[in-house]
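Structure, as structure tokens:
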Amino acid sequence: MRRIAGNVAKLPELLRCLISHKPIRACGVNPLPNPSRPTKIIFFTITLLIVFVSVEMTAQILYRIRYGHFVWREVTEIFDSRSFTRVVTDSRHVTIIPNFSNPKYEFGISTNVGISTDAYGFRRGAQTTNPVCPNVVFIGDSVPFGWGVPDHASMPSKLFEHLRNAGDPRCVINAAIPSYSLFQAVARFEYEILGKFKIDSVYLQIYEPVWQFLRFGAKWRPDMDSTTVPSYILVQKPEYIASIAIARNALIHFGVLARYDNFNSADRHSLDMYRLEIRRKLEHLHDLIVQANVKQLIVAPVTVPSGAYQQLREEHRIAIEAINDQLRQFARRHEDTTFLDMIGLLKSYPDAAMFVDKCCHLTERGNDLVARELIKILTRK
């Protein structure tokens, strides 16, 4: 320390000496000795710690900006009970709350869109629910429900407008519920519609059980859905290192890491089981519509924007194609059933014009195009 203090006292003289380009020893200053090995280790450890803390602080800020919360907060967005649904103890698992209204409901992909339901627990729109009117009933998930668009921009609402413009007296019921699986959709039809409403036709469109099958593979069962076993939105254990979380999410996004790793494309046995359960449930639905004297059933495939579909992992595409193929075969087996090729209908339009997101949800224009195609089918038979 005395040597350092002495060198500091000589600083003005040292500066003049150095300016004259003399060696440091010639300036009367003794250089500090080389640090010991422990000193070097401590120095590098402190340096690395400072670098890591700086990187992590930056990562925490970036994570907060990107995901809307800090990395240590638990992910608690679960589909089992939304603000407009309630849990039930039968095979529906959830159903919609009647007379719900939130004019500023945020869908995540669209803000302040709003949502309202009628006294029967069906989403509102241009239509009014009438139990004695011959109804076109929509069952399924968030696509026919109209996720991301206002009540009057949903597919059922658009169909009702076209029916009225054509002088068609049929009414419309929007009995779809976001995140519903095929099995839940059929259960709601059986519990809440069959025998309670006059039914002319039924429209079915679903995405699940694709997600659950991807997650569970050979362990998948038909009663698994986003209510009983939330898949990609499970409550996760809190994390604390944002830089690792960001790196992992980036690897998942670019397909380096798999988000779902329980279904393998080589697992033909599980895929056959998946197809069989879908086929059984579709046949059960057909039995119900025959029982209800329904004129026709219309089924539509899982429809993902073409750009997003190409980015899906092989297993994901296989699971989608398996259910779509079952829907096609089902329509071929029954004369009263029509397969609406929504993929072919929308492929000639830009994704951004037809879809509100990269999943499957339609814009108002996309819903209107499908509704126009539905009019052709409904008036043809």
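Listed values, structure above:
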item: All positions within the stretch 143-172 that are of a type in the set (Gly, Ala, Ser) and more than 17 Å from Asn102 (Cα to Cα); result: Ser157, Ala166, Gly167
item: Matching residues in the stretch 130-141 - criterion: being surrounded by 21 or more Cβ atoms within 10 Å (Cβ to Cβ) and of a type outside the set (Asp, Glu); result: Asn135, Val136, Val137, Phe138, Ile139, Gly140
item: Close pairs from the stretch 190-210: first assigned by TED's automatic domain parsing to the domain that holds Gln296, partner hydroxyl-bearing (Ser, Thr, Tyr), Cβ under 6 Å, at least 6 apart; result: Glu208/Ser181; Pro209/Ser181
item: Any hit, the stretch 37-57, residues being assigned to a loop (DSSP other than H, G, I, E, B) and either at pLDDT 75 or above or touching an Asp or Glu at 6+ places or on another chain (Cβ under 8 Å) (or both); result: no
item: Test: residue in the stretch 113-127 that is outside any helix (DSSP H, G or I), in the same structural domain as Arg92 (by TED's automatic domain parsing), polar (S, T, N, Q) and surrounded by fewer than 24 Cβ atoms within 10 Å (Cβ to Cβ); result: yes
item: Scan of the stretch 188-214 for residues that are surrounded by 21 or more Cβ atoms within 10 Å (Cβ to Cβ) and in a helix (DSSP H, G or I), ordered by number; result: Arg188, Phe189, Ile193, Val210, Trp211, Gln212, Phe213, Leu214
item: Near pairs, Cβ below 7 angstrom, 6+ apart or cross-chain, from the stretch 288-307 (in the same structural domain as Glu373 (by TED's automatic domain parsing) and in contact (Cβ under 8 Å) with a residue 24 or more places away in the chain) to any residue that is in a helix (DSSP H, G or I) and among the aromatic types (Phe, Trp, Tyr); result: Leu288/Phe189; Val299/Phe330
item: Test result for Phe138, touching a residue at least 40 places away in the same chain (Cβ under 8 Å), part of a strand (DSSP E or B) and within 21 Å of Cys360 (Cα to Cα); result: yes
item: Flag for Gln310 being polar (S, T, N, Q), under 23 Å from Arg275 (Cβ atoms) and assigned to a helix (DSSP H, G or I); result: no
item: Any hit, the stretch 59-68, residues being surrounded by 10 or more Cβ atoms within 10 Å (Cβ to Cβ), of a type outside the set (Val, Ile, Thr), within 30 Å of Ile177 (Cα to Cα) and modelled with pLDDT under 80; result: yes
item: Residue check, Leu282 modelled with pLDDT of 95 or more, hydrophobic (A, V, I, L, M, F, W, C) and under 18 Å from Gln329 (Cα atoms); result: yes
item: Checking Val75 against (1) of a type in the set (A, V, I, L, M, F, W, C); (2) at pLDDT below 95; (3) in contact with a Cys (Cβ under 8 Å, 6 or more places away or on another chain), the condition it does not meet; result: (3)
item: Test: residue in the stretch 83-105 that is among the aliphatic types (A, V, I, L, M), crowded, with 23+ Cβ neighbours inside 10 Å and closer than 19 Å to Cys359 by Cβ; result: no
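The values are calculated or read from the model by the stated rules, or taken from the named source; none is laboratory data. Just so it is clear, the model here is predicted, and its values are computed rather than measured. Heads up, the Cβs are rebuilt from the backbone with ideal geometry, glycines too, and the neighbour counts pull from every protein chain shown.
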